[in-house]
Amino acid sequence: MRAPFLLLLALLAALLAAASGLDLHRLSQPVAGQAFNDADTVDTLREMVRIESISGNELRMSQWLADRLMGAGWDVEQQQVEPSRYNVLAYHPANRHRLKALFSSHIDTVPPFLPFSENAETMFGRGTADAKGSVSAMIHAAESLNSTIAAVEGVIDPTQLGLLFVVGEEVNHIGMRHANELNLHSVEHFVSGEPTESLLAVGHKGMWKFRLEIFGRAAHSGYPHLGESAISPMLDLLRELNTMALPVSDLLGPTTLNIGILGGGVAANVVPDYASAEIMVRVSTNLAEVKTLIERVVRDRATITDLSENEPFICDTIPGFNTTIVAYNTDLPFFEGDHKSYLLGPGSITVAHTDDEQISKRELVDAVGLFRRMAVHMLAQ
Ligand SMILES: [Zn+2]
């Protein structure tokens, strides 16, 4: 009778714990007598930023990561996406098809390469924030899960957490699109690591990228009445687009529009017969509504060519985490399946893609603890 009675007690205790919510802070601490060595995260990031991995040139980075992870005992698959471009999937040998949660980020960066440098508090260089800081913190969080109270008390099984690092996020999400062929259907929780200043994003805006073109008729600039300028009406149209009212979402804030590229004309003394503009709209409500509003302004004044688009994305949240919204795109909408999605990473998007890209060492090390808490939350469900 004794064994079933103890089992019943254990069950009751588990039910009580579930009803009261998990103490993520306590469970993600190291078990007595052990300590985390999160400072290694700085060394890992230092090595990664020294490797140039601008989108399309990720080969050395993926090889370095695969070696690094295999050296730590992970089973690693390198998935070919294109010649010389590989996603890296790491998992515990027992759980290839039973992964419950995935930490994921991207290993490509925008150009140009910015060499690594550092001082006592800060690391500088391309990818420090977007997104190698997340990659490094995720690896160290995953590898330190074993010595958490949650693991030692059997609340979680750390081997159900995998790592997926992909190519091509900065251009067309080709890496994540291919990762859908990796048979990761068991995954219930998916974390994307991108610079959110270590806040949990409640969602990110969608986007619509399109090109406008106007065709006119060339003429000698001294006889403009013989031609038809393409640039003048383009300027009028762009001014209208720049100042038009765009929808606002309570959750994701305003929809915004950026005229990123402008072209046209051949010489100052020629009436221009061609003008073009590339525009990116960050959509906070829904794509169809925003496209209709803009198409109503453009009408037949220019041709519109769709270049790329996706809907806004709403993320899942975790009790106890501070939240934010972000205005950039991520790989999250491109990972298919029925799972919860989270977005968090150290570093700021305001320095990503700039010549001043950097990350605070303190924030980087703290992110390891945040990712560990997320892992406990996800694996204990
Ligand atoms: Zn990124």
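The values are calculated or read from the model by the stated rules, or taken from the named source; none is laboratory data. These numbers come from a predicted model, not from an experiment. Counting neighbours? That spans all protein chains shown, and the Cβs are built from the backbone with ideal geometry, glycine included. In case anyone asks, the SASA skips ligands and DNA or RNA and just uses the protein heavy atoms, side chains included. Shrake-Rupley method; radii C 1.70, N 1.55, O 1.52, S 1.80 Å.
The fraction of accessible area contributed by carbon and sulfur in region 206-310 is 53 percent, rounded to a whole number (1.4 Å probe; ligands and nucleic acids excluded).
The per residue volume of the convex hull around the alpha-carbon atoms of the chain is 163 Å³.
Take region 206-310 with all the other protein chains still there, run a 1.4 Å probe, and you get 54 Å² of accessible area per residue. Computed over region 293-352, the range of Cα coordinates on each principal axis works out to 51, 32, 18 Å, biggest value leading. According to the calculation over all Cα-Cα pairs in region 265-310, the P(r) per 10 Å bin from zero is 20, 44, 22, 12, 1 %. Ranked by the mean number of other Cβ atoms within 10 Å of their residues, highest first, the peptides 320-328, 271-279, 137-145 come out as 137-145, 271-279, 320-328.
Mean residue ellipticity, 222 nm, helices only, the chain: the sum of -39500 (n - 2.57) across DSSP H runs of n ≥ 4, divided by residue count and rounded to 500, is -9000 deg cm²/dmol.
In this entry, region 112-253 is assigned a mean projected area of 16.6 nm², taken as a quarter of its C-alpha convex hull surface. Note on region 206-310: Rg/Rh from Cα positions, Kirkwood definition for Rh, rounded to two decimals, is 1.07.
Here the relative contact order of the chain, from alpha carbon pairs under 8 Å that lie six or more residues apart, stands at 24 percent. Straight-line reach from K340: taking Cα to Cα under 22 Å and skipping same-chain neighbours fewer than 8 places apart, the lysines in range are K100, K205. Measuring only protein heavy atoms, the 1.4 Å probe finds D300 accessible over about 140 Å². Straight-line reach from K132: taking Cα to Cα under 20 Å and skipping same-chain neighbours fewer than 8 places apart, the lysines in range are K361.
Show me 367-378, 303-314 ranked by packing, highest mean number of other Cβ atoms within 10 Å first. Please list the in-between numbers first.
Numbers: 367-378: 24.9, 303-314: 14.8.
The packing order, highest mean first, is 367-378, 303-314.
When each full DSSP H helix of the chain is screened for a Cα extent of at least 15 Å along its own axis and an average Kyte-Doolittle hydropathy of at least -0.5, the helices passing are 2-20, 59-71, 133-144, 231-243, 287-298, 361-379.
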